[in-house]
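The values are calculated or read from the model by the stated rules, or taken from the named source; none is laboratory data. Computed from a prediction, not measured in an experiment: that's the story for all the values here. Note that each Cβ is placed from the backbone with ideal geometry, even for glycine, and that neighbours are counted across all protein chains shown.
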């Protein structure tokens, strides 16, 4: 997937039924009918890449393999609400892939859920067309902002600090 240090590798399959307690009947059917496999591929944190973050403490990387090329934004939103850390999703079907990432914050009354502020998602591209690169530099806030800029396509901003642009943590 990405050329990441071995220290970041998690490589754990996440059973689709992990999300059953939070999912509607429709979402459970989508997991069953559309998703082939969910893998927690990597974890970017101070412990794994020696980069700290002020706002962003960890970034998880999940690979989702689909049975058919489909938009699964409803399932991505569900997973983002259940898992408190930023997650870079690489969604795959055969030779096609897309990426998604969201900014979120703690739910004010339910500590077991997050509130998703916004989500960036790419269009489907072939693996050959994809130019997505993880830049592990500066700190985790920078890494997160670079991911957001690549996925959003908003490369024209002069101030590339997503935290200032969209008010993360404000």
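Key figures
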{"read-out": "Filtered residues of region 111-130 (kept if out of contact with any helix residue (DSSP H, G or I) (no Cβ under 7 Å at 6 or more places or on another chain) and either assigned to a loop (DSSP other than H, G, I, E, B) or more than 23 Å from residue 74 (Cβ to Cβ) (or both))", "value": "111, 112, 123, 124, 126, 127, 128, 129, 130"}
{"read-out": "Conditions (1) crowded, with 19+ Cβ neighbours inside 10 Å; (2) not in a loop (DSSP other than H, G, I, E, B): number failed by residue 23", "value": "(2)"}
{"read-out": "Of the criteria (1) modelled with pLDDT of 95 or more; (2) more than 12 Å from the chain's Cα centre (by Cα); (3) closer than 25 Å to residue 46 by Cβ, which one residue 67 fails", "value": "(3)"}
{"read-out": "Of the criteria (1) at pLDDT 95 or above; (2) within 12 Å of the chain's Cα centre (by Cα); (3) outside any strand (DSSP E or B), which one residue 84 fails", "value": "(1)"}
{"read-out": "Residue match in region 138-156 (condition: modelled with pLDDT of 85 or more, loosely packed, with under 12 Cβ neighbours inside 10 Å and in a loop (DSSP other than H, G, I, E, B))", "value": "no"}
{"read-out": "Qualifying residues in region 120-137 (those that are touching a strand residue (DSSP E or B) at 6+ places or on another chain (Cβ under 7 Å) and modelled with pLDDT under 90) - the one surrounded by the fewest Cβ atoms within 10 Å (Cβ to Cβ)", "value": "127"}
{"read-out": "Matching residues, region 97-119, being surrounded by fewer than 21 Cβ atoms within 10 Å (Cβ to Cβ) and within 19 Å of residue 31 (Cα to Cα)", "value": "99"}
{"read-out": "Any chance residue 31 is surrounded by 11 or more Cβ atoms within 10 Å (Cβ to Cβ), touching a helix residue (DSSP H, G or I) at 6+ places or on another chain (Cβ under 7 Å), farther than 17 Å from residue 135 by Cβ and without any contact (Cβ under 8 Å) to a residue 60 or more places away in the chain", "value": "yes"}
{"read-out": "Extreme residue, farthest from the chain's Cα centre (by Cα), among residues of region 44-61 that are buried (at least 19 other Cβ atoms within 10 Å of the Cβ) and part of a strand (DSSP E or B)", "value": "45"}
